[in-house]
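The values are calculated or read from the model by the stated rules, or taken from the named source; none is laboratory data. In this text, all values refer to a predicted model and were calculated from it rather than measured experimentally. All Cβ positions, glycine included, derive from the backbone under ideal geometry; neighbour counts span all protein chains shown.
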Amino acid sequence: MEDKGISKDEVFKFLRNFKKQDMTHRSGRILGSMCTCPHEVGLKAYSMFSESNLGDPGLFQGTKIMEDEVIAMLGELLGKKDVCGHIITGGTEANIMAMRAARNSFRINALNSGERDNQNSSKIKVLKPSKIKNLEIVVPKSAHFSFKKAADMLCLKLREAELDDNYCVDLASVDSLISDNTVAVVGVAGTTELGKVDAIEELSKLCLEKDIFLHVDAAFGGFSIPFLNEIGYDLPKFDFSLEGVCSITIDPHKMGLAPIPTGGILFRDKSYLEVMSIETPYLTEDRQSTIVGTRTGASTAATWALMKYLGKEGYQKVAGKCMELTNLLTQGIRESGFELVTEPQLNIVAFRSPKMSLWEVADKLEEKGWAVSISSYPQAIRIVVMPHLKREHIEEFLDDLKKIK
Ligand SMILES: Cc1ncc(COP(=O)(O)O)c(C=O)c1O
């Protein structure tokens, strides 16, 4: 650090230089990311609330009202208006919170023969530590790596369920992994690598039957599946309308067009937040359930503004356009002699070359300026057709793909 500061002009000259080395979504060259160009309305709202700290909501009461409204809007979108939750940094934090709520709830034994009493959660008591060892979570093999972080942080054993031929979680495999120590089962609505939607309705039945917490990771699909269904797609149910679903991750900074970092975690009822709450002696509120303390209100403002501004109609157009471009891309990939590894369910396309290795294809595309990614299971070139991609980007990409074949 310099002894004496440099001028503003110099600072921004340096910043422009750093910026030049970054890729931009706007260029249309980023094809393997789940982030996108933030919408201008979200950016404006974000900058208006850059000083608000939802870790101390008594000082930022307007922002807190907005967070409550955003959570209610998200809940309504996902089948239950009166949910609880928070706007946080992203899918990783949301998934960790969900696993923490599940683990803590498991540790709590309701007074009346193990039943949770949501009306009066003061009636709960904690089991002896000897009874709560070796706890486990069952996640699909396709689950995001954030569950590995959650398992590590919360001292839970991660048990990975096999996938079926369609790369969705195999229900028999989930069933076989459930034990007396299972604190949560996870289903995914829009897997990271292939955009697949697990059979959440079946998982919900299974978890209700076995009285196990079911978390749905809809970080990617949460902001598109409901809108796609409204415009005529037929994607499976995955939300709180299924009684067994206890929590949902939904990321506004993915298909919701919000600036980074903006994630969302929703719980069916407030008992799940209560089991995580810690006393906060010097703040305006007595207790806090989030992992982080200081927490930006700007992400909340951006999400509130975007949901109000775009409305259902706006998000239907965004999700619908991504699916149209996904179809254009899959058609072009087939016509260029490449093979899809599976039919896309959402806006993610995975393909291989019958002649070249994946790395060869990825390198050749990179030489032409395309940033694709490679999925791990199954191994394939993976393209996420995010809202920053336009028809001309897809056409240009397909032209280059034909040339490298
Ligand atoms: C399904 C899913 N869950 C969670 C995450 C983690 O989200 P973040 O990177 O915002 O923490 C991702 C990220 O791609 C994801 O695809």
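The figures follow:
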{"read-out": "So Gly311, is it surrounded by fewer than 15 Cβ atoms within 10 Å (Cβ to Cβ), free of Cβ contacts under 8 Å to residues at least 60 places away in the same chain and at positive phi", "value": "yes"}
{"read-out": "Output for segment 165-184, where each listed residue is more than 27 Å from Glu93 (Cβ to Cβ) and touching a residue at least 40 places away in the same chain (Cβ under 8 Å)", "value": "Asn166, Ser179"}
{"read-out": "Checklist (1) exposed (fewer than 13 other Cβ atoms within 10 Å of the Cβ); (2) assigned by TED's automatic domain parsing to the domain that holds Gly264 applied to Pro57, failing item", "value": "(1)"}
{"read-out": "Hey, Thr330 without any contact (Cβ under 8 Å) to a residue 24 or more places away in the chain, assigned by TED's automatic domain parsing to the domain that holds His388 and over 19 Å from the mean Cα position of the chain (by Cα) or not", "value": "yes"}
{"read-out": "Unmet criterion (only one of (1) within 27 Å of Arg382 (Cβ to Cβ); (2) in a strand (DSSP E or B); (3) in contact (Cβ under 8 Å) with a residue 60 or more places away in the chain) for Gly187", "value": "(3)"}
{"read-out": "Any hit, segment 147-159, residues being within 11 Å of the ligand (Cβ to nearest atom) and not aliphatic (A, V, I, L, M)", "value": "yes"}
{"read-out": "Breaking point among (1) crowded, with 16+ Cβ neighbours inside 10 Å; (2) assigned by TED's automatic domain parsing to the domain that holds Leu74; (3) among the hydrophobic types (A, V, I, L, M, F, W, C); (4) farther than 30 Å from Ser52 by Cα, for Ile231", "value": "(1)"}
{"read-out": "All positions within segment 233-244 that are out of contact with any Gly (no Cβ under 9 Å at 6 or more places or on another chain) and either of a type in the set (Val, Ile, Thr) or away from the ligand (no atom under 16 Å from the Cβ) (or both)", "value": "Asp234, Glu243, Gly244"}
{"read-out": "Filter result (part of a loop (DSSP other than H, G, I, E, B), more than 16 Å from Lys402 (Cα to Cα) and touching a residue at least 60 places away in the same chain (Cβ under 8 Å)) within segment 341-371", "value": "Val341, Thr342, Pro344, Gln345, Leu346, Asn347"}
{"read-out": "Pick from segment 1-37, criterion among the small types (Gly, Ala, Ser) and within 30 Å of Glu395 (Cβ to Cβ), ranking: farthest from the chain's Cα centre (by Cα)", "value": "Ser27"}
{"read-out": "Any hit, segment 271-284, residues being surrounded by fewer than 16 Cβ atoms within 10 Å (Cβ to Cβ), in contact (Cβ under 8 Å) with a residue 40 or more places away in the chain and not in a loop (DSSP other than H, G, I, E, B)", "value": "no"}
{"read-out": "Residue match in segment 245-268 (condition: surrounded by fewer than 24 Cβ atoms within 10 Å (Cβ to Cβ) and more than 16 Å from the ligand (Cβ to nearest atom))", "value": "yes"}
{"read-out": "Enumeration of residues in segment 168-191 that are hydroxyl-bearing (Ser, Thr, Tyr), closer than 10 Å to Glu136 by Cβ and surrounded by fewer than 18 Cβ atoms within 10 Å (Cβ to Cβ)", "value": "Ser179"}
{"read-out": "Enumeration of residues in segment 316-348 that are over 20 Å from Ile231 (Cβ atoms) and of a type in the set (A, V, I, L, M, F, W, C)", "value": "Ile333, Phe338, Leu340, Val341"}
{"read-out": "Boolean, Ala380 is surrounded by 19 or more Cβ atoms within 10 Å (Cβ to Cβ), touching a residue at least 24 places away in the same chain (Cβ under 8 Å) and either within 30 Å of Glu69 (Cα to Cα) or under 20 Å from the mean Cα position of the chain (by Cα) (or both)", "value": "no"}
